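The values are calculated or read from the model by the stated rules, or taken from the named source; none is laboratory data. Everything numeric in this text was worked out from a predicted model, so none of it was measured. Positions of Cβ are backbone-derived with ideal geometry, glycine not excepted, and every protein chain shown enters the neighbour counts. All accessible areas refer to the heavy atoms of the entire protein, side chains included, with ligands and DNA or RNA removed. Shrake-Rupley method; radii C 1.70, N 1.55, O 1.52, S 1.80 Å.
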Amino acid sequence: MEKIIMEVKGLTKDYIMGEVTVNALRGVDFNLYAGEFVVVLGPSGSGKSTILNIIGGIDRATTGSVMVNNCDIAKANEREFTNYRKSAVGFVFQFYNLIPNLTALENIVLAAELSADPIPPQELLEAIGLAERGGSFPTQLSGGQQQRIAIARAVTKNPSILLCDEPTGALDHTTGIQVLRLLKDFNEKYKKTVVIITHNAQIGEMGNRVFHIKDGLIDRIDTVENPIAPEDISW
C-alpha cells in the first residue's frame, strides 16, 4: 500500500478585505503519497496557489489540518513552521528568485547549508546540465537556465515534497519541456513527491494524479493510468 506523506482535511482559507470576506478555500481534502507526481489544475483565482502556500508552510489555513509525520502543520508554532519549510519541502516558482549577487553554484550551496542531509550541489549542477556555468551570475543566464538552477536549489535540500507553482509559466515550449523533464527525473531518481500547480491542462497528462480545482474546492481527482513523458507534451 502506498505510504501517505501528507493528509489534508477540511482546509479553508478566508481573506478579509475591508468589509468583504473572500473564501479562497472552502473545505479541501486530499492525501499525498510518497513518490507520486501530482498536477494541480485550475483557472486563475481557483485557489490552487493558496493550497500550495498552505501545505508548503508559507501561509496558514483558517481552519483544517495538514498532517505530516504526525504533526499538524496548520497548527505549528513559528519555530516548527520554519523548520518544516527548511527541511521537508522545496519550492520552485514561476519567477526564479535567485540571489543576484551569488553565482549559480553559490545559490545552490546556500540552500544545501540549510539541510541536515543535502544532495551535493555539484552533483545537481551536473544533473541539470550546467556544470560549466556554476560560476555565472543569474543575469548571465537565460530564463531556462535560471529555472534549472532554481530547481537544483530546491532539490539540494533533499525535501520529501517538491512544490512547483507554474514552473514553466515564463518559459517557451522547448525550455518548458526541459524543466518538466528535470522535475520528472527528480521524482523518479530520488523517489520524491512532486506537486506542480499549473493552468496548462496538457501538463496533467504526465502526472500520476490530477487535482482539478474550482471555486476553492477540489472538483475531482483523476488517476492517470499511463502518464506520458514530458517530451510528448504539446501546448
Length gained when the stretch Asn83-Asn23 is fully extended (0.36 nm per residue, less Cα-Cα span): 18.8 nm
What trypsin sites (Lys or Arg not before Pro) in the stretch 1-49 are in a loop by DSSP, with at most 12 other Cβ atoms within 10 Å of the Cβ? Lys3
Suppose we keep just the DSSP beta bridges with both residues in the chain; what percent of those would be antiparallel, to 5? 55
For the chain, what percent of Cα pairs sit more than 23 Å apart? 48
Test of understanding: express the Cα radius of gyration of the stretch 116-235 as a ratio to 2.2 N^0.38 Å, with N the residue count. 1.10
Please return the longest stretch of the chain lacking exposed loop sites, where GluC sites (Glu not before Pro) count only if DSSP places them in a loop and at most 12 other Cβ atoms lie within 10 Å. 114-224
Pull up the cross-link candidates among the lysines for Lys157, meaning alpha carbon to alpha carbon under 20 Å and not fewer than 8 places away within one chain. Lys86, Lys184, Lys189, Lys191, Lys192
Length gained, Glu231-Gln202, 0.36 nm per residue minus C-alpha separation, equals 9.3 nm
Which semi-axes, in whole Å and largest first, does the equivalent ellipsoid of the stretch 1-100 have when worked out from the alpha carbon gyration tensor as the square roots of 5 times its eigenvalues? 21, 18, 16
Out of the total accessible area of the stretch 1-121 (probe 1.4 Å, heavy atoms of protein only), what percent is carbon and sulfur? 54
